[in-house]
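Remarks on the structure that follows.
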Amino acid sequence: MKRWLGRIVQTGLGAVEWPPDVVSDLPRVTTVGAIHVYLENHRGLSFFSAEEIRFRTALGELCVQGDELVIRALNKAEAFIEGKIRAVRFTA
Amino acid sequence: MMMRRDRWGAYAVIELDASGAPADRFLGEIVSSGIALWNVAVQDGRVRLTVRATDVRRLRRPARAFGVRFRVIKRTGGTFAVLRLLKRPGLIIGFFLFLFMSYMLSNVVWTVEVSGVDGVKAQEAYAAAQKLGLVRGRWAPNLPDLKTLEARFLEQLPWAAWVGVRRDGAIVRIFVVPYKVHESAEPPGPQHLVATKKAVVVDYVVTRGRPLVFRGTLVQPGQLVVSGFVGPPENAKAIAAQGHVYGEVWYDVQVTVPRRQTVVTTEGEKGTQYFLRFGQRRLPVWGFERAPEGARHTSTLRTFTLGGFRLPMALEIVHWQAITEETLELDDAGLLEAALTLAREALRRQGRDVREIRSEKVLQQTVEDDKVLMTIHFGVVEDIARPEPFVPAPEGGSG
């Protein structure tokens, strides 16, 4: 049932060409150079250290790796990470 | 945007006594319960973060549930700044003491100024002020109101037509207007008019009295020209004769004029310079053209005041003007002209009431190589009448 609904939504989105992150629950990741990562639509913090930060998202885990990482701001849906970023990876 | 923090809000920096998995789970929990976090960072193995001060209480229950302890390290924001300030009573007491003192000191009479009169009258005004209680150290709100003070000043100073009293903070200004004494108001006693010098009467205007001369009369010094007795001779009345008698008098004026004359002119270059002056130093602002050697400078200083205080800065405006000296060499005709002009000026400069130069005659002129010597005879119309008081004889008489 749910899968069927998802297919309908996907097809509909393709038809009206809405950006997927607006309608669906997908995370949106924006980086500014290698110093800022701006993450919307996360589902919570799962790991935090100065070298690695992991968030739960609709696609599984989002892993930000780097040095001297600091979460400048964090609330229920958005996060703003600052530091020397080396990698942003999705891990299932 | 979520980054924007309300600047005037109150925040608390807290430090968790845990790291690793328990801290992560705790952070995840509080974030999903809707608490916003800032500056989450690992410092010395501990997690440090900023939350809203109002959210600190909401952290206690999840902290206990996850076995995480935290302590508040620092509080920031306007409300905490005020609270911190309130913890230092000296500062606040000092501030209010300052307000109180400045209020008190500005309500004490500090100086009394008298203007409008000087000398003995000013001394009297100061003495009256002292008597009315306007002395240094007097508590100003206790003074009677200014209208009453003005009235009392008028009682104290019988010679004053009007007294204004004004209080500008610690200064009491008293403005006194004395009665104007008209010294000439008293009518003069009986007097004649007599001639001051030998002259031929040209004209006369007699406002009071009986003229005894006519146009063309030759008068000697001291001769009676307007009598102070009026009316029929047997019943004459002594009055103060007044009027003018104009007579032609004669002067011989001798002048010497050098042939070479040095004239100073300011026809050359001129300009204006502006400086900002700080004490002895000055900074050119405008007008960078250099004044030539020997130019004449006139400078005016404009000071600025701000709320009654003179700023230590002033605008100096310098006008300069090049001075050129010209040497004029006069020819014979010009020399004679110059000598005549100089003689006329000398005639008027002697302080006489010269009304008209009737005649001028060159008596003698000697033109030398470097100068001219000239003697000129002038016929000049002057007022020759001078009042002469007299004591009227009981039977009267005529002059």
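Key figures
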read-out: Positions within the stretch B:324-371 being farther than 30 Å from B:Arg296 by Cα, modelled with pLDDT of 85 or more and of a type in the set (Val, Ile, Thr), in sequence order; value: B:Ile357, B:Val362, B:Thr366
read-out: Residue in the stretch B:225-237 that is of a type in the set (Phe, Trp, Tyr), over 17 Å from B:Glu382 (Cβ atoms) and in contact with a Gly (Cβ under 7 Å, 6 or more places away or on another chain) present; value: yes
read-out: Residue check, B:Phe309 within 40 Å of the chain's Cα centre (by Cα), farther than 30 Å from B:Ile376 by Cβ, surrounded by 11 or more Cβ atoms within 10 Å (Cβ to Cβ) and without any contact (Cβ under 8 Å) to a residue 12 or more places away in the chain; value: no
read-out: Residue check for B:Thr54: among the polar types (S, T, N, Q), touching a residue at least 12 places away in the same chain (Cβ under 8 Å), surrounded by 20 or more Cβ atoms within 10 Å (Cβ to Cβ) and in the same structural domain as B:Gly78 (by TED's automatic domain parsing); value: no
read-out: Every residue from the stretch B:14-28 that is crowded, with 18+ Cβ neighbours inside 10 Å and of a type outside the set (Val, Ile, Thr); value: B:Leu16, B:Ala18, B:Ala23, B:Asp24, B:Arg25, B:Phe26, B:Leu27, B:Gly28
read-out: The lone exception for A:Gln10 - which of (1) at pLDDT 90 or above; (2) of a type outside the set (Val, Ile, Thr); (3) surrounded by fewer than 16 Cβ atoms within 10 Å (Cβ to Cβ) it fails; value: (1)
read-out: Residue satisfying all of: in the stretch B:30-56; closer than 15 Å to B:Phe70 by Cα and in a helix (DSSP H, G or I); nearest to the other protein chains (Cβ to nearest Cβ) among these; value: B:Ile30
read-out: Qualifying position, being closer than 28 Å to B:Glu267 by Cα and either loosely packed, with under 12 Cβ neighbours inside 10 Å or acidic (Asp, Glu) (or both), among B:Leu301, B:Leu330; value: B:Leu301
read-out: Unique match (being modelled with pLDDT under 90 and surrounded by 13 or more Cβ atoms within 10 Å (Cβ to Cβ)) among A:Leu39, A:Leu26; value: A:Leu26
read-out: Filter pass, B:Gly271 being in a strand (DSSP E or B), at pLDDT 85 or above, under 46 Å from the mean Cα position of the chain (by Cα) and not assigned by TED's automatic domain parsing to the domain that holds B:His192; value: yes
read-out: Count - residues of the stretch A:43-92 that are more than 13 Å from chain B (Cβ to nearest Cβ) and either in contact (Cβ under 8 Å) with a residue 40 or more places away in the chain or of a type in the set (Phe, Trp, Tyr) (or both); value: 5
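The values are calculated or read from the model by the stated rules, or taken from the named source; none is laboratory data. Just so it is clear, the structure is predicted and the values come from calculations on it, not from any experiment. When we count neighbours, we look across all protein chains shown, and the Cβ atoms used for this are built from the backbone with ideal geometry, even at glycine.
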